[in-house]
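To keep things clear, I will list the structure first and then write my remarks on it.
The values are calculated or read from the model by the stated rules, or taken from the named source; none is laboratory data. Just so it is clear, the structure is predicted and the values come from calculations on it, not from any experiment. Neighbour counts are summed over all protein chains in view; Cβ atoms, including those assigned to glycine, are modelled from backbone coordinates with ideal geometry. Just the protein is used for accessible areas: all its heavy atoms, side chains included, with ligands, DNA and RNA removed. Shrake-Rupley method; radii C 1.70, N 1.55, O 1.52, S 1.80 Å.
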Amino acid sequence: MAAYRCMVLVIGGGPGGYVAGIRAGQLGLDTILVEAARVGGTCLNVGCIPSKALIHVAEQFEAAHRFTGDNALGISVSSPKLDLATAMAWKDGVVGKLTGGVAGLLRKAKVRVIEGTATFKDGKTVEVAKVDGESDTITAEHVIIATGSESVELPFLPFGEDVISSTGALALELVPEKLCVVGGGYIGLELGIAYSKMGSAVTIVEMADRVLPLYDAELTGPVTKRLDELSITVLTGAKVTGAKDGSVEVVDASGATRQISADKILVTVGRRPFTKGLGLENLALDMDRAFIKIDDRCRTSMRGVYAIGDVTGEPMLAHRAMAQGELVANVIAGQNDSWDKRCIPAICFTDPEIVSAGLQPEEAKKSGFETIVANFPFRANGRAMTMEREDGFIRIVARKDNHLVLGIQAVGAGISEMAAGFGLAIEMGACLEDIAGTIHSHPTRGEALQEAALKALGHALHM
Ligand code: FAD
Ligand code: NAD
């Protein structure tokens, strides 16, 4: 049993924790990071990165398939096949490169990494149970909790065998013939669409009256249309009540009970904060439901104990965790930082993709703003036509009085890459005139942003 002392102890090596570790190291703070599984956390190992890799595989396979029939481009391909095991091995390679990179960055920042599960003994001391059965004690001036989140399980559909979580769906070696997805949110739609493109017959069962209820109906419209084109069955207002013998029992919106045959059932009904084994009972932290309550400097209710990332609440997004990781290290180093971000852009990597930065029109109204809302469709955008994807639009929400941009949303193929520009405009306090007056290169989808701003000002040029 070893005993360590340090200035900063980070518990959890996901995007929140590893960024906090790197930044603390850069600031010259003696830092230890404890990770129970693998650095990179959910995001790199079983979340953002592997899911986007699988979505890429699915897109390539679907494109190849499209060319087996008549198509406007005159390309002809015969019977493409997908070996999912090979694709998964490639995906694992991408994950390995990134997690190896993170381990290297932590080393470069002189952060000591200990593999094991950390349990609080008190606010300054944790015990680490290591895989080899040994345990270490670490005493730290400042402790950052970054233990992330886990998939919510339905009591009548426990994970195991054919009932899988996103982690299981990212490790299948065969494409299931029939896949039933329970929960039509981020993961259900991203992975449901991917498996449909890879050949599964997919049914999505969503409790709310439409999929992706986080986004407004105008934004989800083009995705709903695409689900239909992909022959994905969507049951909204429906509840799963159980499953047996390869069949899922669903009570649909009309109250009728239906059986849906499925080889795999993917349950994606949300994530909850992960604090199992952390010994929170030995601390006196204020909580916000199951999440750890923090202030605008990521401080908890106990002096010297901080929390960041999914364990602190919504939105459970990797870039929020990373921003908090950087902030908390700066705070511990004595800098005067606090959370003053204007927006946390969100992307749903569906087909087409959805991006939302800042306030959606209804949210702006509820916040008391009088607004101008304008949208520019990709059907009037040259680049979208050259890429055969004219579905979707860019929408801009601005204050009526001074034209300050409150929100930018978009739905369209490949539109995720524009999230940076949307976030930048809002963070820098752009007005409609700033966006309208910026030269947007031609031909790009980005021109639709300039056109949306021009339209909001009453003089779109290409419409
Ligand atoms: P995590 O990444 O969950 O990391 C927490 C770490 O803490 C884990 O490695 C865990 O092993 C470790 N840990 C827990 N308890 C202990 C303990 N007691 N001792 C030591 N270590 C411990 N977000 C996006 O922004 N974009 C996306 O495209 C996206 N896609 C996703 C796709 C899927 C399938 C999933 C599941 C999630 C996705 N997310 C996405 C969400 C994103 O992964 C999380 O928001 C992000 O990983 C949260 O980071 P974190 O550092 O808070 O926690
Ligand atoms: P989610 O909250 O996005 O969606 C869950 C969906 O399940 C909701 O639409 C909800 O109405 C529905 N639901 C809940 N209980 C149900 C039930 N019993 N039957 C049927 N439907 C039910 O959750 P998720 O898809 O599991 O993802 C979890 C979190 O991970 C997200 O909230 C997000 O923070 C993060 N994530 C982000 C991305 C991204 O940024 N692209 C991708 C994946 C995951």
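Three principal axis extents describe the C-alpha atoms of the chain; from largest down they are 68, 61, 44 Å.
Here the accessible area of the stretch 304-463 is 52 percent carbon and sulfur, with a 1.4 angstrom probe and all protein chains present. For the stretch 1-143, the number of Lys pairs with C-alpha atoms closer than 22 Å, counting only pairs eight or more positions apart or on separate chains, is 9.
Among G28, T300, L191, flag the residue with its Cα farthest along the positive direction of the charge dipole of the chain, charges on Cβ as +1 for Lys/Arg and -1 for Asp/Glu. Going by the Cα projections, it comes out as G28. Building the convex hull from the alpha-carbon atoms of the stretch 195-269 and averaging its projection over directions returns 5.3 nm². Taking the accessible area of the stretch 64-141, probe 1.4 Å, and keeping the other protein chains in place, the carbon and sulfur fraction comes to 55%. In angstrom, the C-alpha Rg and Dmax of the stretch 234-318 are 19.4, 54.
3J(HN,Hα) along the stretch 431-437: 9, 3, 5, 5, 6, 5, x Hz, from the Karplus curve 6.51 cos²θ - 1.76 cosθ + 1.60 with θ = phi - 60°, whole Hz, x for Gly and Pro. Heavy-atom accessible area with a 1.4 Å probe sorts H440, H459, largest first, into H459, H440.
Considering helices alone, the calculated mean residue ellipticity of the chain at 222 nm is -9000 deg cm²/dmol, with DSSP H runs of length four and up weighted by -39500 (n - 2.57) and normalised per residue. Using the alpha-carbon positions of the stretch 109-240, Rg (one decimal) and Dmax (whole number) come out as 20.8, 57 Å.
List the GluC sites (Glu not before Pro) within the stretch 169-204 that fall in a DSSP loop (any state other than H, G, I, E or B) and whose Cβ has at most 15 other Cβ atoms within 10 Å. Passing both the DSSP loop test and the Cβ count: E173, E177.
Ranking A323, A357, F274 by how far each Cα lies toward the positive end of the dipole of the stretch 212-357 (charges on Cβ) leaves F274 at the top. For the stretch 331-348, 3J(HN,Hα) computed residue by residue from phi via the Karplus equation (6.51, -1.76, 1.60; θ = phi - 60°) reads 4, 5, 6, x, 7, 8, 6, 8, 6, 10, 6, 7, 7, 10, x, 10, 10, 10 Hz, glycine and proline entered as x.
Summarising the overall dimensions of the stretch 46-123 from its C-alpha atoms, the Rg and Dmax are 20.5, 68 angstrom. Taking a quarter of the surface of the Cα convex hull of the stretch 248-398 gives a mean projected area of 16.0 nm².
When you filter the GluC sites (Glu not before Pro) in the stretch 304-413 for DSSP loop state and at most 10 other Cβ atoms inside 10 Å of their Cβ, you are left with E370. Put a plus charge on the Cβ of each Lys and Arg, a minus charge on the Cβ of each Asp and Glu, and nothing anywhere else: the dipole of the stretch 379-452 about its Cα centre is then about 140 debye.
Sparse packing (at most 14 other Cβ atoms within 10 Å of the Cβ) combined with a DSSP loop state is found for the following trypsin sites (Lys or Arg not before Pro) in the stretch 361-432: K400.
Here's the picture: charge each Lys and Arg Cβ at +1 and each Asp and Glu Cβ at -1 in the chain, and of A58, A201, T312 the one pushed furthest to the positive end of that dipole is T312. Taking every DSSP bridge with both residues inside the chain, close to 60 percent are antiparallel. Run the Debye formula on the Cα coordinates of the stretch 370-463, all scatterers equal and no solvent, and tell me log10 I(q)/I(0) at q = 0.18 1/Å. Log10 I(q)/I(0), no solvent term: -0.71.
Length gained on full extension, A217 to H462: 85.7 nm, using 0.36 nm per residue less the C-alpha separation. For the chain, the per residue solvent-accessible surface stands at 46 Å², with DNA, RNA and ligands left out and a 1.4 Å probe.
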